[in-house]
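The values are calculated or read from the model by the stated rules, or taken from the named source; none is laboratory data. Every value quoted in this text rests on a predicted model; they were computed, and no experiment measured them. Every residue, glycine as well, gets a Cβ built from its backbone with ideal geometry; the counts of neighbours run over all protein chains shown.
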Amino acid sequence: MNNRRKKILNELGLTPRWKIRTDSTLETSVLNDNTTGLNELMGDSVDATSENPVYQMSWKQLKLAVSQCTACPLHETRKNTVFGVGDEQADWLFVGEGPGAREDEMGEPFVGQAGKLLDQMLAAIHLKRGDRVYIANIVKCRPPNNRNPAITEVSACRPYLSRQIELISPKLIIALGKVAAENLLGRSDSLGSLRGKIHDLSGTPLIVTYHPAYLLRALPEKAKAWKDLCFAKATMQSLK
Ligand code: URA
Ligand code: SF4
C-alpha cells in the first residue's frame, strides 16, 4: 500500500484490514425495487417515454432549465441551484440528498465537510471527482435548515435527475444515505437492510451506503462504509 493510500485510510479512520473482494464473494442477488409504494406516490418519473420535455433535453438545455427552475418552493430560499458535477460519461454516479449551506453558496455538490469525506471515500477506491465519476443530488436546491426534502419537492425535481441518469448512462449508481436510497428505490427500508445488495434502478445496478455527513457523526460506521465501497468496486469490476 502506498503512503497516500495509507494516509487516506487513516483519515477515514480505517485500519487497512479491508481488502477489495473478488467476484466470488460478491452477493449477486439483484433486487427489483421498483414495485413498491413510494414510486407510485411520486408518480414514477423515471419513464423515458414521458411527455415531460425534460426527457428530450440535451445537457445544455437541462442545465439551463435547472438554473431557472421554480417548480417547487425550494427555489424561493436558494442562493444557487446545484446541478451536479463531473464526467458526463461517467461509469460511477454518486447521488446525495440535496445541497447544504456551502453547496448552495458555491452551486456545486459536496463541497462542504461531507464533501471532503466523500472525496476521501472516492480516493480510497482510486476514484476522483470528475474522472469517470459524476456527483448529483436528489434535489437541486437547498432545503432550508438542511431539512429532508419533502416528497412533493423530490417529485418535482425527479425528472432532472432521471434525465441526468439517462444522459450519463452510468454503469453503477451509489446512493449516499437513506434519503437518496429511499427516493431512488421507492422503498423506505432501513439503510442497514439496503446495504450489501445490488439493487436495480431501471436496468442500472445501484448500491446503497451511508451518507458522508452521517459518517462524520458516527465514526464506527466508517468501517461499514469502507466495506460498501469495496463491494461497489468489486461490483464495477464484475460489470466490465
Ligand atoms: N449533502 C448532500 O446530500 N449533498 C450535497 O451536495 C452536500 C451535502
Ligand atoms: Fe426546481 Fe428541483 Fe429546485 Fe425544486 S429543487 S426548484 S424542482 S430545481
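The condition (being in contact with a helix residue (DSSP H, G or I) (Cβ under 9 Å, 6 or more places away or on another chain), within 22 Å of Asn183 (Cβ to Cβ) and modelled with pLDDT of 50 or more) is satisfied by just one residue among Asn39, Asn34, Asn52: Asn52. Return yes or no: is Ile173 within 15 Å of ligand 2 (Cβ to nearest atom) and under 30 Å from Asn80 (Cα atoms)? Judged against the criteria, Ile173 is not a match.
Just so you know, in the range 98-117 the residues that are touching a helix residue (DSSP H, G or I) at 6+ places or on another chain (Cβ under 7 Å) and closer than 14 Å to Gly86 by Cα include one that is surrounded by the fewest Cβ atoms within 10 Å (Cβ to Cβ), and it is Val111. Total residues in the range 134-149 satisfying the condition of being touching a residue at least 12 places away in the same chain (Cβ under 8 Å) and either surrounded by fewer than 20 Cβ atoms within 10 Å (Cβ to Cβ) or over 20 Å from Leu93 (Cβ atoms) (or both): the figure is 5.
This table checks each residue for (1) closer than 25 Å to Ala225 by Cα; (2) of a type in the set (A, V, I, L, M, F, W, C); (3) within 16 Å of ligand 1 (Cβ to nearest atom).
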{"position": "Arg78", "(1), (2), (3)": "no, no, yes"}
{"position": "Gly96", "(1), (2), (3)": "yes, no, yes"}
{"position": "Ala136", "(1), (2), (3)": "yes, yes, yes"}
{"position": "Cys141", "(1), (2), (3)": "no, yes, yes"}
{"position": "Ala181", "(1), (2), (3)": "yes, yes, yes"}
{"position": "Gly186", "(1), (2), (3)": "yes, no, no"}
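Conditions tested, residue by residue: (1) of a type in the set (Gly, Ala, Ser); (2) surrounded by fewer than 20 Cβ atoms within 10 Å (Cβ to Cβ).
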site	(1), (2)
Gly177	yes, no
Leu194	no, no
Lys197	no, yes
Ser202	yes, yes
Leu215	no, no
Leu219	no, yes
Lys227	no, yes
